[in-house]
1. Of everything in the stretch 548-565, what is touching a Gly at 6+ places or on another chain (Cβ under 9 Å) and either free of Cβ contacts under 8 Å to residues at least 60 places away in the same chain or surrounded by 20 or more Cβ atoms within 10 Å (Cβ to Cβ) (or both)? Give them in sequence order.
2. Only residues that are among the polar types (S, T, N, Q) and in contact with a Leu (Cβ under 7 Å, 6 or more places away or on another chain): list them for the stretch 882-907, please.
3. Might you check whether a residue that is touching a helix residue (DSSP H, G or I) at 6+ places or on another chain (Cβ under 6 Å), assigned to a strand (DSSP E or B) and touching a residue at least 12 places away in the same chain (Cβ under 8 Å) occurs anywhere in the stretch 304-311?
4. Which pairs turn up if I take residues in the stretch 677-699 that are in the same structural domain as Glu568 (by TED's automatic domain parsing) and look for partners that are among the basic types (Lys, Arg) and part of a helix (DSSP H, G or I) with beta carbon separation below 8 Å, at least 6 apart in sequence or on another chain?
5. Can you pull out the residues in the stretch 419-448 that are closer than 25 Å to Ile535 by Cα, more than 44 Å from the chain's Cα centre (by Cα) and assigned to a strand (DSSP E or B)?
6. Which of the residues spanning the stretch 569-605 are within 31 Å of the chain's Cα centre (by Cα) and small (Gly, Ala, Ser)?
7. Please determine, by comparing only the residues of the stretch 717-736 that are of a type in the set (A, V, I, L, M, F, W, C) and farther than 16 Å from Ala838 by Cβ, which one is surrounded by the fewest Cβ atoms within 10 Å (Cβ to Cβ).
8. For the stretch 824-842, enumerate the residues that are without any contact (Cβ under 8 Å) to a residue 60 or more places away in the chain and surrounded by fewer than 18 Cβ atoms within 10 Å (Cβ to Cβ).
Amino acid sequence: MPERLLQRIDQIVARTRRLGWWEGVGWVVALVLGVALLLMAVDAVSRMNDTGMRWLAAGLVVAVGALAWRRCFARPGRESVDRLAVAEQLQQRHPELGSRLASALEFAEQSQGDTTAGSAELRRAVVVRAAVDTEAMDLEGIVDPAPARRAAHAVAGVVAALVLFAVVDASSLGLAATRLVAPWADAPWPRRNQLAFVDPVTRLAKGQPFEAVLEDLNGEPPADAQILFRSGDNATIERRPMRPVGDRLVAERESVQRPFSYRATGGDDDTMRWIDVEVVDPPGVASMVVNARPPEYSGLPPAEFTGHARVLEGTSLAVSGETSSAVSAAAIEFEDGSTIAAELAPLEASSDEQVGIGSRFAVAPDQWIATLPQAAEGARPRSESVGYRVRLTSPDDLVGYGPRRELVVEPDTPPEVVWLEPIDDLYVSARALIELRVSAEDNLAVHTVEVARTRQAIGGDAEEAEEIEPLTLDEGNPQPPARGFDDPPARGVASESWDLEPMGLAPGDLLTLTARATDYKPGVGEAPIARRVTIVTDEEIDSRLAEQQSELLAEIQRGLDAEREARERVGELGIDLQQGAPVSRDTVDRLTTLGFEQRQAAAAVADPRRGAARLAADMQRTIERNRLERPELAGQLAGAKEQLDRLAGETLPDAQRAIADGRRLAEALTGEPNAEDRAALGESLAGAAAAQDDTIETLEQAAESLAGWADYQRFAQELAALEEAQRELRDATVREAAELASSTELDRMERSAARQKLAAQQNEIGRRFAKLEQAMRRLAESSEDASDQESGAEAAGRPAGAKDAVSDALAEAQERSTAGKLRSATRDVANSRFGAAAEGQAQAADDLREMLEALRQRGAGDAEELAKRLREASEKLAGLQQELGEMRRQTEGGQSPDGAEREQLAKDAQRLGRQLDRLTAPAAGQSTQRGGEQIAQSQQGGQSQQGDQSQQGGQSQQGGQSGQQGGQQQGGQQEGDQQQPQDEQLAEAEESLQEAQEQLEERIKQLEDQVAQKLLDKLKAKIDGYVETQRAVLDGTLKLSEEAQAQRDSIRTIGQQQFGLREEVTAAAEEMASRPVFEMALSGASLDMGQALERLARADLGRQTQQAELSALTRLKHVAEVLRQNQELNEQQQEGAPPPSGAGDGGESPPPSPIDVAELKMLRLMQMELNGRTGLFEADAAGDEESADWRTGRQLAEEQNRLMELVLELARRNNDE
């Protein structure tokens, strides 16, 4: 037993020692191999060729191995594993053993006869017991193999990395291992880069550039490659980066003068040797001359150049020169790489020179012709600069160059042709005299200027146009004129008057004119746009003259508006200056803006392209070109042109200069204000104002001198501008009144300037209106006398009924006293009566609107406004009827009415008729105008009867002298004049006016029905929503009334819903105020909702609340039903449904309008609903009179009375119709 224990312990000791040894070996191997592998990898990546680094790496591996061996095997205590150590480990693992196992092992190793060890039996007993206790124990468990396994794993990892390295790059691994194991061995790494120059330069001509091309024989050159230059004395080395070009690197050096050496480094290649470059003198140009011979057609003389040159395209160039040394080849080399070979010949040496010292070179003139690339289609050729030099090659292949020279080749462009007259396409008569003026310019000389012509008959195709012989305007000498190369281009203007009358053209023919010019090359240039001449009739010429006149007047008006605006700004600035306002930066800004406005006004007059002066000149040319007999219009144009030229040349520039001077003075005053500069500023503003007043007056005169029916729209435009200005001024007056009311006493003093500005603006509006009214009156008064002599241009521009429209507009102004209102407004503003001024300004703006509508023969577009205006016209018509009745009574009484009164009555009737026609009542308008004509005829008839009757005072005049020939004879009518007696004509006039009144009432009724229908359509869009909301209110009330205890919140919600609906229905009733039937129905529903609200506020959900809600719902349903039927009836009428049989036939009245039908149905339903409520009230009163609500009874009675009134009103309207 004791032996068995000792054996087991010895086995554990042996195994532990064995695992420890393998652990140490593993770690030594792993560390040595790992460090070696790492160093080999670093060496393979860095490609170190330093032997010292290799020795250092090898020493590092050895050191690591030694340190690992020492740590694993040579450290103290490494062999301390013995029996006692194992016993102690077992005792630590099995505490129940105590210290018996260690004692037993110690006793077991002692001799049996050792008396110093104590009792042998006792020792044996201890050993036996320890053996028994450990017999069943796993003593091998204390041996830990993990450290040995970790060492093995480390070795395996290093070996795996080594294998991977070998798989990836075995050759590099082998070379790296060799370099590590034998650092003394010659085992360098192969270079990744192997740099070499392509055709390295070793000999170079002095002054020529050096270029070196580097490549890498192993692939792409390294990015860090550099070229090193070393001077001839090896004193300095210069490093330069190289420029990549494809897969190579390039280095350059300009104008080399001294020998040098060079080499390249980059990547891992630093082994290239220096390459020496020898610099020698190259062959050079000693002298060179270029002889230029221009083309013969150019007229340019030959020229000789020794440097840069300019030549004409097509010039022949001959080159001759000498070299400084003998050469084997010479050529002219251009920048694009092309060359022209030169012929060589040796120089002839003098007696003291050696033969062959240099060479002579030459280029024949037929070898070098100055040319330009072909220009793109439609583009003009442009000059081009060509760089060139002489390239010389020495016998030993050295290349030298002469100095670089520039040759500018100028193109010989065709002539540039520009139309001067006509400037645009023309519309002329067949007898027109057309002025043709063409400008031609050529860089050399113009030979011929002509106009190509084609004629296309009316209705013909462009391909079939007939070519007419070109019209030559100018033809030069057969030979080109001599000139210098730097002379300015040849310019000229050719003109010709072309009479169309001999050609026998007809209206509709089209002439196409193309201006062209040729030079001596010959090059042909054409004007970019052909001119088209269309033959038109004289009437079309007159119409175009009218358009030109309108355009001219519009431009004058534009300038006038801009100048008035600028004048107003100058006036405001002047007022501020007079009131002592400080000159600030704002003043400068206002003057800057004013200068811009003044320039706009000047452009409207003086613009050379579209200014009024230019347009007037165009009109003059139109008259002259077409040989029109328009002496009056020509005189007006001449006067206007003279006035406009004066403005453009004198007055407007004066105004601009005065404003510019004022701005400069204002800028000075913002810095250091002084009285002298302030006075000068005032003078500048006064000067500008004077020039502006002159401009305004002149433009107004020019407009009036050209005014005619062709300028009819100018009146309308001016009225519209005046109305807009008046309304804006009225708004400004209201604002000023508000600011004045809230201002202090000091502020009111400062408001004085604002009041003066408003007064000045109002006065200007009055002045403009007075001039406009005066111009309109002159035109109206002179139109009748001038109608026979009116020009075709004026007649073409006259609108139909223009005379009557102007007269109507003037009558509106006279009736409304528009001029007086404008004057009153000016006084009110000046005296700070802003309330009265604003009211007068609003009335004046409305008057201007009425005048504008009369002038444009246009009425209001809104049906409601039309009905209102027609009501006013009906009152005027009633007044005319009253005057006519009085006049007829005078006639029946034997008195002769005043002729002037009768004439005025006739004019008033005719004017009212035209107004009715504008206000969409044409039938009433025609009847009224017919009545006016009959009144005018009655005056003629009365005069005829007075010439034939006997002189009997106080007796009535007899009827006409005879009946109409072949007509029906009236009893008592005498033979004689066919003129009706004036009393009969007045009677017919009275009937016509009465008929007009009836037609007018019918038209008013139609318009009122349209307005009503719009209201009903609007109500119909809402009524269904009202019905649904009221039904929801009633349903909610019924539901809550069935609950035992209704929540107040629920009742409040229903009340809010009822309140909102009542507000909407009340608003709808107010909108229907013009249709009282529907207004009553909606108001009744609103009243019922109000009663329901009162009870809901008291949380009363009883029968009376429900009855009120039900009544409101019933009323709304009735309204919805009537509106639905009304819509169906309207749709039937729009589809053209025939009226009922006999309607409107045989004197019967037409059927009532859909509005009347709807109102009648509404009255019927309201009466039925009222009857039902009355029955309920009577039933309640019969049951209990004391508890009956007599307020409801009074309400029922009031509704019944109102219904009766509405029924009577509807019946009255139908009877009247």
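The values are calculated or read from the model by the stated rules, or taken from the named source; none is laboratory data. Because the structure is predicted, anything quoted here is derived from the model rather than measured. Because the Cβ atoms are built from the backbone with ideal geometry, glycine has one as well, and the counts that use them run over all protein chains shown.
1. Within the stretch 548-565, Gln549, Glu555, Gly559 meet the criteria.
2. Across the stretch 882-907, the qualifying residue is only Thr891.
3. Taking the stretch 304-311 as the starting set, the residues that turn out to be touching a helix residue (DSSP H, G or I) at 6+ places or on another chain (Cβ under 6 Å) are none.
No, every residue in the stretch 304-311 fails to be touching a helix residue (DSSP H, G or I) at 6+ places or on another chain (Cβ under 6 Å), assigned to a strand (DSSP E or B) and touching a residue at least 12 places away in the same chain (Cβ under 8 Å).
4. That search, which allows pairs on different chains as well, returns Ala689/Arg567; Gln692/Arg567; Asp693/Arg567; Ile696/Arg564; Ile696/Arg567; Thr698/Arg646.
5. If the condition is that a residue be closer than 25 Å to Ile535 by Cα, more than 44 Å from the chain's Cα centre (by Cα) and assigned to a strand (DSSP E or B), then Leu433 is the only one that fits.
6. Matches in the stretch 569-605: Gly595, Ala601, Ala602, Ala603, Ala604.
7. Ala720
8. Arg827, Asn831, Arg833, Ala836, Glu839
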